[in-house]
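This report concerns only the one structure given below.
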Amino acid sequence: DMRITVNGKPAQATDNITVTQLLTELKVDTPEYVSVELNGEILDRQDFGTTVVSEGDVVEFLYYMGGGAR
């Protein structure tokens, strides 16, 4: 396993994991609505399956929620 930072907290992930696999491994809620920032750069959704996360990377999962109060 490797050490990464996810949303400001230390985390562990499988070596050579893609962003898509990381979303699954970390059981991220509604991954279809998550934007992913890797080391300060927002990734394009079509790159999630080919972008590999490396030791020491900083990953942020960003949720953009629309609408107002119910």
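What to note about this one:
- Any hit, the stretch 17-35, residues being assigned to a strand (DSSP E or B), in contact with a Phe, Trp or Tyr (Cβ under 6 Å, 6 or more places away or on another chain) and either surrounded by 13 or more Cβ atoms within 10 Å (Cβ to Cβ) or touching a residue at least 60 places away in the same chain (Cβ under 8 Å) (or both): yes
- Filtered residues of the stretch 38-60 (kept if within 13 Å of ILE4 (Cα to Cα), of a type outside the set (S, T, N, Q) and either in a strand (DSSP E or B) or open to solvent by 30 Å² or more (accessible area, probe 1.4 Å) (or both)): LEU38, VAL52, VAL53, GLU55, GLY56, VAL58, VAL59, GLU60
The values are calculated or read from the model by the stated rules, or taken from the named source; none is laboratory data. The shown structure was predicted, so the numbers you read here are calculated from the model rather than taken from an experiment. Glycine also receives a Cβ, built like all others from the backbone with ideal geometry; neighbour counts cover every protein chain displayed. Just the protein is used for accessible areas: all its heavy atoms, side chains included, with ligands, DNA and RNA removed. Shrake-Rupley method; radii C 1.70, N 1.55, O 1.52, S 1.80 Å.
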